[in-house]
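Worksheet: one structure, shown below.
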Amino acid sequence: MSRFNVVFLLAALLSVQSALAHFQVTYPGSRGFDENKEPTAPCGGFDTVSAARAEVPLKDAFIEINSGHTSYSYVVNVLVNNNPSTADFANTSQAVAVANGSRNYPQAACLSLDLNKNSAIKAGTNGTIQIIYNGGDGELYQCADVTFVDNPKNWNNSMCTNADGSASSSSPSSSGSSPSASATAQSDAMPSVHFGSFFLFTTALLVAFVIV
Ligand SMILES: [Cu+2]
């Protein structure tokens, strides 16, 4: 194997690792996930509404994500619309924030939603939940197409967990203030490497040094 092939292979390995480390929506299901398209607004490269909608409760709703970054900020918007266009997502009278905050641990995180913040949300309305996530390598997007109801058929509260072991209550404070996650907010300016990629990068450099 030539030196250039080795270097190319290592570079390819690194970029795969980086892409896999963004974030995923684990509950309820995302409209679609492709790590390479995740930076594409408004829905990570998936512009067609899902045929199958998850039923989400009006009270104590949450989005569960799996984060590859150790430190990140997030905003969750809800649009009450059967089939929002890209322009609708950019319209702040339609895309209303129901959660925002930041976390300082990787993997599972439960993002509580305060659906009272969007007055268009009523029992029986269809909507799209947009998750905007920033782990330090730019904004990333995912969407979930849902129907809001009082008593969802298959909603599972036990899916709301936090990998740092912190309280996994899915209820936002009754005062309607920001979710408790904002209490842990820190500077997002902190340089953020992908989870595990620094180790891989170091190993790759050492291997390249030996082979070349
Ligand atoms: Cu990333």
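The values are calculated or read from the model by the stated rules, or taken from the named source; none is laboratory data. None of these values were measured; they are calculated from a predicted model. FYI the Cβ positions are ideal-geometry reconstructions off the backbone, even for glycines, and counts take in every protein chain you see.
Values for this structure:
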read-out: Strands (runs of 3 or more DSSP E) fully within segment 59-136 counting 3 or more residues that are over 20 Å from Ala167 (Cα atoms); value: 72-80, 126-134
read-out: Test: residue in segment 149-159 that is of a type outside the set (Lys, Arg), at pLDDT 95 or above and crowded, with 21+ Cβ neighbours inside 10 Å; value: no
read-out: Scan of segment 137-162 for residues that are aliphatic (A, V, I, L, M), closer than 15 Å to Glu64 by Cβ and part of a strand (DSSP E or B), ordered by number; value: Ala144, Val146
read-out: Test: residue in segment 40-53 that is on the phi > 0 side of the Ramachandran plot, part of a loop (DSSP other than H, G, I, E, B) and charged (D, E, K, R); value: no
read-out: Filter result (in contact with a Phe, Trp or Tyr (Cβ under 7 Å, 6 or more places away or on another chain) and of a type in the set (S, T, N, Q)) within segment 107-121; value: Ser112
read-out: Test result for Gln107, in contact with a Gly (Cβ under 7 Å, 6 or more places away or on another chain) and within 16 Å of the ligand (Cβ to nearest atom); value: no
read-out: Some residue of segment 24-31 being within 15 Å of the ligand (Cβ to nearest atom) and either at pLDDT 95 or above or not in a loop (DSSP other than H, G, I, E, B) (or both); value: yes
